[in-house]
Structure formats: structure tokens, C-alpha cells
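First up is the structure itself, then whatever we jot down about it.
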Amino acid sequence: MPSSFGWLDADTEQRRQMLEVVDLFSDDGTVDELGTGAIRDALSHALFPGTSVLHTRLRYALFVPWLLQEAGARSSSPDTGAALRQLEIRLIGSLLAGGEKPGVIGNRARQTLKRMPSSVYWSALGAWGIRQRDVTIEGYLRRRHDLARLAARTAVSDDPETRETPPSSGLDPHLPPPPEGLLTRATFDLTAEEEEYLSDTIARATAGSLLAWLVHHQPARLPDYAWELTTLGEAPAQLAETVDHARRFHTVIHGAVLVYNLLLARQRHMDEPVAEFEADLAEWRSELQSSNALDGWDRAAWWTTVTRSNARIRPLTRTFVDQWIDLVASDPEVATSAKAAGLVTTRERQIKGGRARLVNQSALDSWSGASGLGRLDFNWSVARGHLGDLYAARGAA
């Protein structure tokens, strides 16, 4: 019988977070086997606010509000939610007609698409100041519909100076206008006006983040990881420090994941994977030394940075990470360390209880042979794509 799970969410943001978790389950490389995802997310939020692993292209941050306005303006419709869904499905066809395919949300599902762009980007719209009210999509549409009905019943004065300012719908009134033929033939290319609007809006709303700094400090190249930016030395000191904390954590915690996979491979008596994970750990030890990931690391300052973005980091998570760093600092030969094996085994039990693979044969048998091995980048790959869209628009202007 296949396993399943469900959840209760109270708002769109909680739904988005759960969808991200579900999405991570679809990729063995990104599964959070040792329960450090809260730290990863805190650093992601500090560096790249509003970004999500569900994002594809930046212009959706404009497509969505444009479609919301269109759906909300249909005051004769009693179900603006259904109207929005139809508009979002039409956008799929429009983007494909415009020659786009990678990055088009729903390019395969089309009419059966369940995770609509509006739900994927709703949180980003709030974080970036494009959505100015803390409401759900449904709440926005109800308000927009009610405002349209109110406007239809309200007499307009002939004297412009005595006219009352209409209530805000909740979207930025300075939003650029949608292009002609948006639902006929569209692309992900930003116009000069759209690029200027998004650059200013995102930088202003996320001031102090690496995302905001990079919007106005375009590097010559966007590398694989944020800490490889050659211009990082020009960034404000606190920002550079946060990036350095992320780099150190990225390096140090990967060893724990490798040990976890090595222990699983040993228990399954998989000789070849055991040899591969031992080789990976040897390579990781070299990386640990060459990157100086542990040298001079102010861990008190690091925890302050993490808890500033997420004050609800569980004590057990913090204890595990601190113990792992202490262990690695004293003995990097973790492949043969009984302490390392015990620490990782205990941690998995804390998270999964009786379903932990290292103590449950049935769960061990279902292991794919590699899990959670994707390197942390704290949503840099998403932010890099969004920044690339902005930079490309400037280059085309």
C-alpha cells in the first residue's frame, strides 16, 4: 500500500512552504535527512528574501499581478478565482506561442495544472513590495470584486478636487502596465520599464540582503555559489559576513550527510557505494581544509545571524549542528569515527523515530542508494536566474 501524508495550512504562505517541502521530496538530492532545513531556510531568507525553489522566471512577478487585476476587474463574475485560473492556463499557451518552454509553469499539465503561478509567487509579491496587503489570493480577489461593485454604485463628482481617492486593491499602484497581447503571445523577456520597476521595487523591499545589493551591483559573472562572487569584497561587511557563514555551513554540514549515506551503504552491504562514499568523504576533508571553513569561524555570530531570520530553530537541531562542528574540528576522519556514526544515528532517530533507516530494516530496504547529497546553495540558483533576467533586460536596452 503506497504511503501518503496530508497537512493543514492556515494561509497561502504556509501552503507555499509545504509545497516546497513536497517538491523537495521529489528529488533525493535535496531531501533534508538530518533536519537542518530550518538553518538552510533562515540563511536563504537572509540572503535572498522572497525567493523559492518553486520559482522559474522573474517575469512571473509581473504576470501574476496583471492576471489578478484582470480577474478582479471582471466584476460580473461571481467566481473570480475560477476566472484567475482560466487566465493562468491561457498564459501557459501564450508563453509557449511566444517560443518559451523551460520555465513555463504548467507546460506539461496545461488544463490539469494544480500548482498555479499565483500560489508559487504570492509570497514573493509580498516580500518584494508588489503586494501591499497581507491577504490571501482569495482575499485579494474578494476585495477587488467588492471595490469594483462599490465603484459602480458611487457617484463621481464633476469636480476632480472633491473626488475621493479610491481604496487600494492591495497591489502596488505603480505596477507597469501589461503588454499588448499578454494572453496571446508572451515571453519571459523584461522590457526596460519592467526591469527598472522590478529592480527598484525588489532592492527597496529587500534592503540589506545580497539580493538587493546585487540588483544594483552587477558582477561580471554569476558563479555557481554566492561566495564565489569576485565582487563580494565590495559588499557591506555584515552582508559579506552572512555569505561567509553560509559558505562555512555549506561545507561543514555536507560531511554529516556523506556519513549518513556511508552508514546506510554499509548496513546494506553495498561494497561499491561504500567505497564511493569513503572517497567522497576524503575529498570533503580536503575541501574542509582548503576552504578554511572552520578557521576563525565566529559561531556565536553565526547563530545570531541564523536566529535573526528564524528564532524558532529547535534546540535539538542546534545541539546536533554544534556537536557535529566540534567533532569535525577535533577529528575530521569521520568515515571511521564511532562518535560521528553515533551522532548521525541519534540525529536520524530524533527526526524519524522508529522509521529511521539506520534502525529500521524495512525503511533501510527502501533507500535508493543516495539521499540528501545536493549541496546547499541557499536559493542562490533561483536568485541567480532572477538577476540574470534583470541584467539581460539592461543589456538589451
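The values are calculated or read from the model by the stated rules, or taken from the named source; none is laboratory data. For clarity, every value in this text was computed on a predicted model and none was experimentally measured. Here the Cβ is made from the backbone with ideal geometry for all residues, glycine too, and neighbour counts use every protein chain on show. Note: accessible area is taken over every heavy atom of the protein model, side chains too, but ligands, DNA and RNA are not part of it. Shrake-Rupley method; radii C 1.70, N 1.55, O 1.52, S 1.80 Å.
For (1) in contact with an Asp or Glu (Cβ under 6 Å, 6 or more places away or on another chain); (2) open to solvent by less than 40 Å² (accessible area, probe 1.4 Å); (3) touching a residue at least 24 places away in the same chain (Cβ under 8 Å); (4) not in a helix (DSSP H, G or I), each residue gets a yes or a no:
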{"residue": "Lys114", "(1), (2), (3), (4)": "no, no, no, yes"}
{"residue": "Ser118", "(1), (2), (3), (4)": "no, yes, yes, no"}
{"residue": "Glu138", "(1), (2), (3), (4)": "no, no, yes, no"}
{"residue": "Leu141", "(1), (2), (3), (4)": "no, yes, yes, no"}
{"residue": "Arg144", "(1), (2), (3), (4)": "no, no, yes, no"}
{"residue": "Ala148", "(1), (2), (3), (4)": "no, yes, yes, no"}
Check: Here is a list of conditions, (1) under 13 Å from Leu68 (Cβ atoms); (2) modelled with pLDDT of 95 or more; (3) over 27 Å from the mean Cα position of the chain (by Cα), and Pro179 meets all of them except one; can you say which number that is?
Finding: (1)
Check: Inside segment 76-95, can you point out the residues that are under 13 Å from Tyr140 (Cα atoms) and either of a type outside the set (A, V, I, L, M) or at pLDDT below 90 (or both)?
Finding: Asp79, Thr80, Gly81
Next item on the list: Sort out which residues of segment 278-306 are open to solvent by less than 50 Å² (accessible area, probe 1.4 Å) and polar (S, T, N, Q), and write them in order of number.
Entry: Ser291, Thr305
Check: Does any residue of segment 264-286 turn out to be free of Cβ contacts under 8 Å to residues at least 24 places away in the same chain, within 25 Å of Asp41 (Cβ to Cβ), in a helix (DSSP H, G or I) and basic (Lys, Arg)?
Finding: no
Item checked: Qualifying positions in segment 307-325 - open to solvent by 70 Å² or more (accessible area, probe 1.4 Å) and in a loop (DSSP other than H, G, I, E, B) -> Ala311, Arg312, Arg314
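Of all residues in segment 342-384, which are open to solvent by less than 30 Å² (accessible area, probe 1.4 Å) and within 19 Å of Ala226 (Cα to Cα)?
Those that are open to solvent by less than 30 Å² (accessible area, probe 1.4 Å) and within 19 Å of Ala226 (Cα to Cα): Phe378, Asn379, Trp380, Val382, Ala383.
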Note to self: Tell me whether segment 359-372 contains one or more residues that are closer than 13 Å to Gly255 by Cβ and not in a helix (DSSP H, G or I).
What the structure shows: yes
Margin query: Against the definition (within 26 Å of Gln361 (Cα to Cα) and not acidic (Asp, Glu)), how does Ala301 come out, yes or no?
Written below: no
Next item on the list: Take segment 222-244 and flag every residue that is part of a helix (DSSP H, G or I) and open to solvent by less than 10 Å² (accessible area, probe 1.4 Å).
Entry: Ala226, Val243
Notebook entry, point to check: Which condition number in (1) open to solvent by less than 20 Å² (accessible area, probe 1.4 Å); (2) closer than 13 Å to Leu171 by Cα; (3) small (Gly, Ala, Ser) is the one that Gly129 fails?
Noted result: (1)
